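This report concerns only the one structure given below.
The values are calculated or read from the model by the stated rules, or taken from the named source; none is laboratory data. Just so we're clear, the structure is a prediction, and the values are computed from it rather than from any experiment. Note that each Cβ is placed from the backbone with ideal geometry, even for glycine, and that neighbours are counted across all protein chains shown. Ligands, DNA and RNA are excluded from the accessible area calculation, which covers all protein heavy atoms including side chains. Shrake-Rupley method; radii C 1.70, N 1.55, O 1.52, S 1.80 Å.
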Amino acid sequence: LQITYPEKLGIWNRLLNGEADATWVFHNWEGALADASDHELRYFRLADYNVPYGYSPVIAGHADRLAERPEAFRDFLAATKRGHFYSRDQPAEAADILRPHLPDHDRQVDLKVALERTLPFIGSEKEWGSFDNVELQRFLDWLTEQELEDRRFKAAEVVSEAYLR
């Protein structure tokens, strides 16, 4: 067994090219890409292998940069939140708005399918960006137990307390 870590998210293309046998996929995106092509995926749930749920942050920022320009980041997050919930409330229109901005390698994705798969996870205006402290800590502990991290992290170290519930 050889585990490799390609640059950034290049694993998806390596999988499609037959250079890799498995990868973590986002069902709402890579799954929709696979559905739009002749690639058939076999899905495995991490929980089936006793791997606790691990969050995949979509937006992250360096604390120093946030402190330098807090208004710009607040404005960015407010605009992102509006778009986030617009896609929930108007998925067909959101797909039409987003389609011209897709990179060439993603043009075949069906944005309506991608958004439909995302809708169950969007949440409410009060909960976008929240983490379950117990679930996050379970995952962080698992990383240490599996020797994937050298030190034990606490949930509050990796996520601002404002986002833990």
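Can you tell me how many residues in the stretch 133-147 are in a loop (DSSP other than H, G, I, E, B) and either at pLDDT below 90 or more than 17 Å from Val51 (Cα to Cα) (or both)?
Looking only at the stretch 133-147, we keep the residues that are in a loop (DSSP other than H, G, I, E, B), and these are 146-147.
From the residues that got through so far, the ones that are either at pLDDT below 90 or more than 17 Å from Val51 (Cα to Cα) (or both) too are none.
Matching residues across the stretch 133-147 total 0.
Go through the stretch 102-125 residue by residue and tally those that are farther than 19 Å from His27 by Cα and either in contact (Cβ under 8 Å) with a residue 24 or more places away in the chain or within 19 Å of the chain's Cα centre (by Cα) (or both).
Taking the stretch 102-125 as the starting set, the residues that turn out to be farther than 19 Å from His27 by Cα are 104, 124-125.
With either in contact (Cβ under 8 Å) with a residue 24 or more places away in the chain or within 19 Å of the chain's Cα centre (by Cα) (or both) added as a condition, the list becomes 124-125.
The number of residues fulfilling the criteria is 2.
Take the stretch 95-110 and flag every residue that is of a type in the set (D, E, K, R) and either open to solvent by 90 Å² or more (accessible area, probe 1.4 Å) or part of a helix (DSSP H, G or I) (or both). Let's see the steps before the verdict.
The first filter runs over the stretch 95-110 and keeps only residues of a type in the set (D, E, K, R), leaving 96, 99, 104, 106-107, 110.
Residues satisfying the conditions are Asp96, Arg99, Asp104, Asp106, Arg107.
When the residues of the stretch 48-85 are filtered to those that are among the polar types (S, T, N, Q) and open to solvent by less than 100 Å² (accessible area, probe 1.4 Å), which remaining residue is farthest from Phe26 (Cα to Cα)?
Narrowing the stretch 48-85 to residues among the polar types (S, T, N, Q): 50, 56, 80.
Next cut, open to solvent by less than 100 Å² (accessible area, probe 1.4 Å) only: 56, 80.
Values: Ser56: 10, Thr80: 20 Å.
Residue satisfying both the conditions and the ranking: Thr80.
Would you check which residues across the stretch 56-101 are over 18 Å from the mean Cα position of the chain (by Cα) and among the polar types (S, T, N, Q) and list them?
Of everything in the stretch 56-101, just one residue is over 18 Å from the mean Cα position of the chain (by Cα) and among the polar types (S, T, N, Q), namely Gln90.
Looking at the stretch 126-147 only, could you name the residues that are more than 19 Å from the chain's Cα centre (by Cα) and surrounded by 14 or more Cβ atoms within 10 Å (Cβ to Cβ)?
Correct list: Asp141, Trp142.
Of the residues that make up the stretch 50-72, is at least one outside any loop (DSSP other than H, G, I, E, B) and either under 25 Å from Val109 (Cα atoms) or touching a Leu at 6+ places or on another chain (Cβ under 6 Å) (or both)? Break it down into steps so the answer makes sense when it comes.
Kept after step one, since they are outside any loop (DSSP other than H, G, I, E, B), are these residues of the stretch 50-72: 63-68, 70-72.
With the extra rule that they be either under 25 Å from Val109 (Cα atoms) or touching a Leu at 6+ places or on another chain (Cβ under 6 Å) (or both), the set shrinks to none.
No, the conditions are met nowhere in the stretch 50-72.
Return the residues of the stretch 71-115 that are over 20 Å from Asn13 (Cβ atoms) and among the small types (Gly, Ala, Ser); say none if nothing qualifies.
Hits for the stretch 71-115 are Ala72, Ala78, Ala79, Gly83, Ser87, Ala92, Ala94, Ala95.
Just to check your reading of the model, which residue among Ser124, Ser130 is out of contact with any strand residue (DSSP E or B) (no Cβ under 9 Å at 6 or more places or on another chain) and at pLDDT below 90? Before you say what the answer is, go through the steps one by one.
Details: Ser130 fails: out of contact with any strand residue (DSSP E or B) (no Cβ under 9 Å at 6 or more places or on another chain).
Every option except Ser124 fails the conditions.
Quickly run through the stretch 38-94 and pick out the residues that are without any contact (Cβ under 8 Å) to a residue 60 or more places away in the chain, among the aliphatic types (A, V, I, L, M) and under 21 Å from Ala22 (Cα atoms).
The answer is Leu41, Leu46, Ala47.
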